[in-house]
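Below is one structure, written out as structure tokens, with a few remarks after it.
The values are calculated or read from the model by the stated rules, or taken from the named source; none is laboratory data. What you are looking at is a predicted structure, and each value in this text was computed from that prediction instead of being measured. Positions of Cβ are generated from backbone atoms using ideal geometry, with glycine treated the same way; all protein chains shown enter the neighbour counts.
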Amino acid sequence: MRVLSGKRAHEAIKVLACETRWDLFNSVQRQPSHIAELADKLDKDKSTVSRHVDALEDAGLVRTATVSGERGAKKKVYSLSPRIVIDLS
């Protein structure tokens, strides 16, 4: 379990205050996905989704794994970071 406190906790809360980021966070909670899948699910542009996922990753809420795709191509898959607690005290 990872505890976010102080400035890191504040940043995580700010990041999740955005509706698009909240929707992305919930989507990867249900199923790890790559950018194109997330863009389709949310009916958003891939560049927009990528920017928001970067913010979630910078805040430590989402992690990236590289997996082999079709025909050996590599792709990034986004999922939730292991259990995180936000300490507001």
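Worth pointing out:
- Tally of residues being in contact with a Ser or Thr (Cβ under 8 Å, 6 or more places away or on another chain) and not hydrophobic (A, V, I, L, M, F, W, C) across the range 1-42: 7
- If you go through the range 1-47 and keep only what is of a type in the set (S, T, N, Q), outside any loop (DSSP other than H, G, I, E, B) and touching a residue at least 12 places away in the same chain (Cβ under 8 Å), you end up with THR20, SER27, GLN29, SER33.
- Whichever residue in the range 48-89 is more than 15 Å from ARG2 (Cα to Cα), outside any helix (DSSP H, G or I) and among the aliphatic types (A, V, I, L, M) and, among such residues, is modelled with the lowest pLDDT: ALA73
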